[in-house]
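Encoded as structure tokens, the structure appears first; notes follow it.
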Amino acid sequence: MAERKKRKFEGEEANDIAIMMKDMFSKLSKEQNQRFHDLQSCINNLSEENSELVKSIELMNHKYDDFLSRITRLESERKTDKVIISQLEDRIETMERKARASGIEIRNIPKTSGETKNELCAIVKSLGKTLNVDIHDHDIRDIYRIKSKDSTNPIITEFSSVLKKEKILKASKDFNKNKSKGEKLNTSHFQIKTPVKPVFLSETLTYKAQRLFYLARDLQRNYNFAFCWTSHGVVYLRRDENSPQIRVTNETDLEGLRKE
């Protein structure tokens, strides 16, 4: 009897353990299923996010390519514009040079109070007498002073022809040639009652040519160039009497000469 009870108890215990294990496995299975479901949802979300990210990247790549294309086009247009601007500047420079082709600049002539154009013409005629060049009223198309940084207010004389201008400039060079410093063209040759000052004649230059001439003279002083001059509005340099003349068209030319 006791043996039966014992077997019955053991059977019930084994059955309880089986039920308990079944419940445990069932619970574990549910948990695993839930975890798998959550993981699957997470993967799906990540997949959707990744898909959106890919779309965003593709859109950015498209915009980047479009941006690069625009930059390339703008750069090409900028280069074209620079060429056009350079051509226009050259044309303007040529036009301004032609407009000044018959003019000379006379520096260091003192200005008098209430000075008139007739008085300026008289100064130029006096210059002609000194240089042995006939200058008449009809040779002078216009005459005036311009302001300058050193307050010398140079006299600009526009002649009726380039030939007359060239003749005067050549006569000036011939007059000063082989003369001592005090004998070269100065204010005493104009019967001006002031302390004697040297008088300088040069072509009337455009603003660009004036700057190039100024920079070229600075280069001449510091880099052992013997000659610096202008002819027909163009600046030239020469290292010595036996060297070829160098035409200076822009500041880049001067930079290249500094590096030689």
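Picking from Gln34, Leu185, Ser102, whose Cα lies most toward the positive end of the charge dipole for the chain (charges on Cβ: Lys, Arg +1; Asp, Glu -1)?
The listed residue farthest towards the positive side: Leu185.
Which of these, Asn176, Asn15, Asn250, has the largest mean-square fluctuation under a Gaussian network model of the chain (Cα springs below 10 Å)?
In this elastic network of the chain, the residue with the biggest mean-square fluctuation among Asn176, Asn15, Asn250 is Asn15.
Lys179 to Gln34: extension gain in nm, 0.36 nm per residue of separation minus the Cα-Cα distance?
Computed gain between Lys179 and Gln34 is 40.9 nm.
What ranking, highest mean first, results for peptides 130-137, 168-175 when packing means the other Cβ atoms within 10 Å averaged over each residue?
168-175, 130-137
What is the chain by shape, rounded, prolate or oblate, if you read a ≥ b ≥ c off the alpha carbon gyration tensor as root eigenvalues and call it rounded for a/c under 1.5, prolate for a/b larger than b/c, and oblate otherwise?
prolate
Does region 183-232 come out rounded, prolate or oblate by the C-alpha gyration tensor, with a ≥ b ≥ c the root eigenvalues, rounded set by a/c under 1.5 and, if not, prolate when a/b is larger than b/c and oblate if not?
Because a/c hits 1.5 or more and a/b exceeds b/c, region 183-232 counts as prolate.
With an 8 Å cut-off on Cα pairs and a minimum separation of 6 or more residues, tell me the relative contact order of region 44-174 in percent.
Relative contact order here is 25 percent.
Let's test the formula: R0 of 51 Å, r as the Cβ-Cβ distance of Asp90 and Thr194. What FRET efficiency results, to the nearest 0.05?
Between Asp90 and Thr194 the formula returns 0.75.
If the reach is capped at under 18 angstrom between alpha carbons, list the aspartates and glutamates near Lys111, excluding any in the same chain fewer than eight residues apart.
Filter leaves Glu119, Asp142, Asp150.
As a quick test, which of the pairs Lys79/Lys164; Lys197/Lys259; Lys117/Lys167 have an alpha carbon distance above 31 angstrom in this structure?
The pairs that break the limit, which is 31 Å between Cα atoms, are Lys79/Lys164; Lys197/Lys259.
Would you mind calculating the gained length between Tyr144 and Ile19 on full extension (0.36 nm times residue separation, minus the Cα-Cα distance), in nm to one decimal?
32.7 nm
Round to the nearest 10 and give me the degree value, 0 to 90, for the angle of helix 117-131's Cα axis relative to the longest principal axis of the chain.
The two axes meet at around 70 degrees.
Students often get this wrong: which residues of region 235-259 have the backbone nitrogen under 14 Å from the point 7 angstrom along Cα-to-C-beta of Phe227?
235-248
Could I get the Rg over Rh figure for region 100-204? Both from C-alpha atoms, Rh via Kirkwood, rounded to two places.
Ratio of gyration radius to Kirkwood radius: 0.93.
Connecting C-alpha atoms closer than 10 Å in a GNM of the chain, tell me which of Pro110, Pro195, Pro154 has the biggest fluctuation.
Pro195
Read-outs: derived from the displayed coordinates by stated rules, not from any lab. All figures in this text were calculated on a predicted structure; none of them were measured in a lab. All Cβ positions, even for glycine, are placed from backbone atoms using ideal geometry, and neighbour counts span all protein chains on display.
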